[in-house]
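**Student:** Shown below is the structure under consideration.
Nothing in this text is a laboratory measurement; each read-out follows from the coordinates by a stated rule. These figures come from a predicted structure and were not determined experimentally.
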Amino acid sequence: MTDPQDTSVTGFRTRFLLAAAAWAVLVAAVLVAVPLAFAGRLPDPLATHWGPSGRPDGSMAFATFVLFTVVLWAVVAGIGAAAAARGRAPVRRAPRAWFCAGLAWAGAFTVITQAFTIAANLDRGHWTRAAGLSWQVAVVVAAPIALGALGWLAGRRGPDVPSEPPQRGPLIDLDPGKRPVWVSTAAAPWATRLALVALATAVALAGAAMSGLFGGGWGAVVPLALVGVVGLAVSSVSVRVVPEALTVSVGPLRWPSRRVRLDRVERAWVEERYPAQVGGWGYRGLPGRATIMIRGGECLVVRYTSGGRLAITVDDAETGAALLNALIARQRPSVER
């Protein structure tokens, strides 16, 4: 028999995704319809970039401009929709609110930027005669933020179905004659590629600066190197469970590493978490309630005997949680199975 509450939540999830899709289609329609409506009054090419002085200094063909804005919006909305459709994110208040805020901000920014671009080019014979931009920049910054705030408020309406930890986590039977070991990882290839590109660019700029070919290169070396190091640090995570301890290591070198004795662990379970819920990728939160977010989805959540929690995005988290609980139960025979 179906739980009415489950039916209600499923219905809300469907309505939420349909509303997000409707917003995406509406923004795309505006991005196509408005330029076409004024096509006869716009130069081709038209000004699409303004310099620090507020005067136009770059142009783009009309068709390319329209196609670029629509494709850019489609990519942003598509990635957002794919992330929102996964797991329980649409029926959990915090990720839903941030998703709505991001989608509202992105849609408003794209439409307002296009609108000011068209207005500046309207009835101008050539793109170099396009109107300058001054106060419009403040509107482009402030208006999307305001609409994003409204989206955040709208996203907070509706049900909140938190992922509560189970009373008992998964458990497996252990062979007393064997030493169990579980090792699993999770990786973000995009972070690795970004880090390697940043490090390679930093090395190239440093070499160019040392040889005198690019004297201003030193100013970019440190930021790029920092991006590379941080990117490598958040590109992967490895978790190892043995009868004595839980060890969490990050990065391709498996360093830094953190070892937690098993007598400090109360229990473990599995949750779905996503970057929007915890504030992004990497190490999020504070000691005692932190998440190591490498990729959204399945997480191994560990509760310490002190009350703190640590969540790690890692593959096959259910097996790791089951082994941890079994090892804890073996150490404490009085724990109820």
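**Student:** What is the stretch 92-208 by shape, rounded, prolate or oblate, if you read a ≥ b ≥ c off the alpha carbon gyration tensor as root eigenvalues and call it rounded for a/c under 1.5, prolate for a/b larger than b/c, and oblate otherwise?
**Tutor:** Numbers: a/c = 5.14, a/b = 1.68, b/c = 3.07.
Oblate shape, in that a/c is at least 1.5 and b/c is the bigger or equal ratio.
**Student:** Same structure, new question: Going by amide H atoms built from the backbone, whose H comes under 5 Å of the H on Asp57, apart from near neighbours?
**Tutor:** Here His49, Trp50, Gly51 satisfy the definition.
**Student:** For the chain, modelled as a Gaussian network with Cα springs under 10 Å, which listed residue fluctuates most, Trp105, Trp152, Trp255?
**Tutor:** Taking springs between Cα atoms under 10 Å, the residue moving most is Trp255.
**Student:** Per-residue HN-Hα couplings for the stretch 97-110, Karplus 6.51 cos²θ - 1.76 cosθ + 1.60 at θ = phi - 60°, whole Hz, x for Gly and Pro?
**Tutor:** 5, 5, 5, 4, 4, x, 5, 5, 4, 5, x, 5, 4, 5
**Student:** Through the Karplus equation 6.51 cos²θ - 1.76 cosθ + 1.60, θ set to phi - 60°, convert the phi angles of the stretch 58-71 into ³J(HN,Hα) values in whole Hz; use x for Gly and Pro.
**Tutor:** Residue by residue, the stretch 58-71 yields x, 9, 8, 4, 4, 4, 5, 4, 5, 4, 4, 5, 5, 5 Hz.
**Student:** Which one, Ala149, Ala24, Ala206, has the greatest fluctuation when you compute a Gaussian network model over the chain with C-alpha springs under 10 angstrom?
**Tutor:** Ala206
**Student:** For the Cα atoms of the chain, what angle does the longest principal axis make with the long axis of helix 218-233, in degrees from 0 to 90, nearest 10?
**Tutor:** That helix lies at roughly 40 degrees to the long axis.
**Student:** Tell me the relative contact order for the chain as a rounded percent, counting alpha carbon contacts under 8 Å between residues six or more apart.
**Tutor:** Numbers: 562 pairs, mean separation 48.8, N = 337.
In percent, rounded to a whole number, it is 14.
**Student:** Could you derive backbone 3J(HN,Hα) for the stretch 257-269 from the dihedral phi with the Karplus parameters 6.51, -1.76 and 1.60 (θ = phi - 60°), listing whole Hz in sequence and x where the residue is Gly or Pro?
**Tutor:** 10, 10, 10, 10, 4, 5, 6, 9, 9, 8, 6, 9, 7
**Student:** Taking a cut-off of 30 Å, what percent of all Cα-Cα pairs in the chain are separated by more than that?
**Tutor:** The proportion of pairs with Cα distances above 30 Å equals 56 percent.
**Student:** Mean-square fluctuation check for the chain, GNM, Cα pairs under 10 Å: which of Val139, Val183, Val222 is largest?
**Tutor:** Of the options given, Val222 has the highest mean-square fluctuation.
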